[in-house]
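As structure tokens, the structure follows; a few thoughts come after it.
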Amino acid sequence: MRYLLTAVYLVAIQYYTRIGGKVSVNLIKYENNQGEESSSASLVYKAFGLYFMQSYIGLFYHASLHRDILALRRVLIQRLIVYQVLENLIENSIPYLKYSYKKYIAVHKKKRGKESTVGRSVRLSTRVEKEYLKPSYTASIGAELEDGLFDDFLELTLQFGMIMMFACAFPLIFCFAALNNVTELRADALKLLVMLKRPVPRAAATIGAWLNIFQFLVVMAICTNCLLLVCLYDVEGKWRIEPGLAAILIMEHALLLIKFGFSHFVPEEPAWVRANRVRYVAQAQNVCSKQLLRSISKFQGKLD
């Protein structure tokens, strides 16, 4: 019964947050963003904020206000198992049902248009016809600014936040997440190769705004796990500055200092990668310059 109620709750969350995502898309139109990349980043932040509040509010209630670690652990197991099962079913069943319905309509029209095929089975013979009927790889909130990667990144960030922010309550949640990711990898391969149209590739230097969200979740994970340790240590809720609480507070500040120190001093790309990239760019420019000079010399030779 608990798993059924959890499933109903998660379905309701998906429905209302998608409405909020569409509202975010409409709000983007009234913002003065500089380019499509800035609009996409603004949309990612707004949508993630809605999903963050809806997905983690119950977990924060059990962790901070109710202070029931066992209940928090039970909710984590229910969320992780039920949410991932629902996501895999929805992601794979809805595209298949859409494709089956469009295929049935197309075959029915094709059969009605050819009277000579009465009594014969009409099928879609070419791959082009089948590919045309498949649904596109688009985001659930709309295809104006984001493609289907939006939903995949959103699912990864929510799972990452769940396993990182509440690791002290249930350390084995990493095993469940690893098993789910292996299953999700094969399910996404089946979805992209069989059930959906071939996605349009696009070049990107980084993952954009999602990188800032992952960094935000790392900071939240440090604070949330230290809060869980405080709840485990201070059962009575007196919040006295004792050696145990002081050690937890010092550990929190030390971890935050280490995190921001690494972010500041460690470069985003190694020096040898940057040097090779500059060398490849210089080689490409030299090749283009030589080809341009050859074409100019040939053109001048023809004029002479």
Check: When ranked by the protection proxy of mean other Cβ atoms within 10 Å per residue, highest first, what sequence do the peptides 164-174, 202-212 form?
Finding: 164-174, 202-212
Next item on the list: Could you run the Karplus curve 6.51 cos²θ - 1.76 cosθ + 1.60 with θ = phi - 60° over the range 159-165 and give me ³J(HN,Hα) per residue in whole Hz, x for Gly and Pro?
Entry: 5, 4, x, 5, 7, 8, 6
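Applying a 10 Å radius around every beta-carbon, put 266-272, 221-227, 54-60 in order of their mean neighbour count, most first.
On the way: 266-272: 8.4, 221-227: 19.0, 54-60: 17.0.
Taking the mean over residues of other Cβ atoms within 10 Å, the ranking is 221-227, 54-60, 266-272.
If the limit is 24 Å between Cα atoms, which of 109/197; 102/191; 29/98; 111/134 go over it?
Working: 109/197 22 Å; 102/191 17 Å; 29/98 29 Å; 111/134 20 Å.
Checking Cα-Cα distances, 29/98 exceed 24 Å.
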Next item on the list: Would you kindly compute the Cα radius of gyration of the range 33-95 and its largest Cα-Cα separation (Dmax), both in Å?
Entry: 16.3, 48
Notebook entry, point to check: Around residue 138, which amide H atoms from residues at least 5 apart in sequence, or from another chain, sit under 5 Å from its own amide H, with H modelled in the peptide plane?
Noted result: 148
Note to self: Can you compute 3J(HN,Hα) from phi for each residue in the range 78-88, using the Karplus curve 6.51 cos²θ - 1.76 cosθ + 1.60 with θ = phi - 60°, rounded to whole Hz and x for Gly and Pro?
What the structure shows: 5, 4, 5, 6, 5, 5, 5, 5, 5, 4, 5
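A short reminder: the numbers here are calculations on the coordinates, not readings from a lab. Since we're looking at a predicted model, the values are computed, not measured. Cβ atoms come from the backbone with ideal geometry, glycine included; neighbour counts cover every protein chain shown.
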